[in-house]
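The block underneath contains the structure these notes are about, expressed in structure tokens.
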Amino acid sequence: MSLSSIRFNLSQMHLEDYSLIKVTGTDRESFFQGQVSNDFSMLSNYEGQLTTRLNRVGKLQSFFFIAKLPEYLFLLCPKKLITSVKADFEKFIVMDDVVLEYIASDLWIRFNAFLENDQVTGPYFNFDFYGINARLVLDRHPSIQLTDENELENIRVLNGWPKWGVDVSDNQFINDSYLNEIAISYKKGCFLGQETAAKIENNRGAAYYPVLLKLESVEDLSKFQKADFQINLEDGEKKAGTLLYQVQNIIQVLLFRDFRVVGRELNLIFGTKKIQAIVMELPFYKNFLKPDIALELYHDGVEAFQNNDLVGALEYMKRALAFDPGLADAYESLGVMLGRNEKFQEAIVWMDKLLTVNPQSVMAHTNKSLYLMRLGKIEEAEAEKSLATVKSFAVFGQEAKMKKQLVEEQKKNEEEILRREKMFLQVLEIDEEDTIALYGMADIFFQRKEFQSAIKNLEKVIAVDSKYSTAYLLLGKASEAEGDYEKAQKAYQAGIVVASKRGDMMPANEMQSRLNQLVMSPSFS
């Protein structure tokens, strides 16, 4: 995405489809902590989060943003839900001191509001909206540009955020939508509907769940939107899911559990149209925290510089620093880029800025010495070279300290392995087919690089329990380490089928990733 994207810039949008509820009363925070699905206690003042309201059987009643301010709470709700949200919570207020009231006000979002120099006046809160840094305010800024709403809608689709009445409704479980990732905490304790949602989550998860598919080419599938599609398998065609949205060559679909393995290639059938696609996970844009955005911009800047685009590279680096002023690598890169283009005085300025965020930087002094030498300032260059030498000794001392810590950690790990080995061997003396102990010993053998012993144990595990998905993963790794790539491939292929059917998506995704790398490796042929 280009530097002009709303993900990297300050913009504002009129939030016409939302309304605001103000919550007062001394019990407001404890009341909502027990009523909503996300962990409200994690919020600081002036922060908001997406959350849901479930009924007793775990089905969605509503979703909205809840925000904490010093004297009250805000509930930012879709307009079509505002009446039902207020009425629903008021039914549960018995002895609690909690009062809900509508707020009639113009609502505006400012994306990346921290890039704004003006101080905020009036109530506000910061939150994540569609995967972008956002701030809710009650007025329009006179000079901030308006948000490109078409781009915002594409970001919503690519990041999986649903709309009420379009993508989700009150006839489905939270587990069936991406709200299960962004609007619920399974660790916070009890709330209405928690037991059912947790049971589904801990079992196999949703049968159909939203993911992204990357098409091999751009195909217009608009006429198939909301329609089911098939998948072509060796044993025939099978329903795979439902097409929801398309953004260029990426589609968002509800995909059946067995096929929901990241990196897997699928042969899709839409009517008479056949298309190849690769499974991707949501969200497409994984970065919304400021330091993460800064790193993304930094890497884009490095790529631009490698492509001989100095102007673009400098802009990316400067924007990265706007998101994270403490990103030392960006200061250093700016100085190096300018130095290579013989803009030595500007380069020195950036090296001085690097020293303000990392006073121990050896490279800042080294580069300054080089640039001052090129400018003919010999004495100053020698002074910087001396400082670089002094600080390099400090770095060496720090490295020695870290090596000592690593040795100590390694010793602790070895002691822990010996403790686990003793425990597993005791279990196997009682029951030589105990799969947990067999797998535990296989893991120890793998760590010790005794790969043949690991393989023998893992084959025993699978013989006893053919659905032990992580055993296939470790068997594949051990076989790879032994150089038996064919055996590794078979282990991964079998394991992906087992894991995806069980809903064990983490080992399934890792096996698919390793299988893809294995097949592409020259040593596999």
Quiz item: Restricting the search to region 256-276, which residues are farther than 19 Å from residue 221 by Cα and part of a strand (DSSP E or B)?
Solution: 256
Quiz item: Name the residues in region 271-313 that are under 17 Å from residue 250 (Cβ atoms) and aromatic (Phe, Trp, Tyr), would you?
Solution: 284, 285
Quiz item: Would region 137-150 turn up any residue that is within 27 Å of residue 32 (Cα to Cα) and not in a loop (DSSP other than H, G, I, E, B)?
Solution: yes
Quiz prompt | Subset of region 476-511 [aliphatic (A, V, I, L, M) and under 28 Å from residue 209 (Cα atoms)] | solution = 491, 494, 496, 497, 498, 499, 505, 506, 508, 511
Exercise. Just name the residue that is nearest to residue 129 (Cα to Cα) out of those in region 154-173 that are more than 19 Å from the chain's Cα centre (by Cα) and not polar (S, T, N, Q).
Key: 163
Practice problem: State whether the residues of region 203-223 include one that is surrounded by 14 or more Cβ atoms within 10 Å (Cβ to Cβ), modelled with pLDDT under 95 and in a helix (DSSP H, G or I). | Solution: no
Quiz item: Do we have residue 253 as part of a strand (DSSP E or B), aliphatic (A, V, I, L, M) and outside the structural domain of residue 63 (by TED's automatic domain parsing) here?
Solution: yes
Quiz prompt | Single unsatisfied condition, residue 156 versus (1) surrounded by 17 or more Cβ atoms within 10 Å (Cβ to Cβ); (2) charged (D, E, K, R); (3) more than 28 Å from residue 248 (Cβ to Cβ); (4) without any contact (Cβ under 8 Å) to a residue 40 or more places away in the chain | solution = (3)
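Residue by residue, here is whether (1) more than 19 Å from residue 327 (Cβ to Cβ); (2) surrounded by fewer than 17 Cβ atoms within 10 Å (Cβ to Cβ) holds:
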| residue | (1), (2) |
| --- | --- |
| 350 | no, no |
| 361 | no, no |
| 371 | yes, no |
| 380 | yes, yes |
| 383 | yes, yes |
| 386 | yes, yes |
| 391 | yes, no |
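The values are calculated or read from the model by the stated rules, or taken from the named source; none is laboratory data. On a predicted model such as this, the values are computed, not experimentally measured, just so you know. Reconstructed Cβ throughout: ideal geometry from the backbone, glycine too, with neighbour counts over all protein chains shown.
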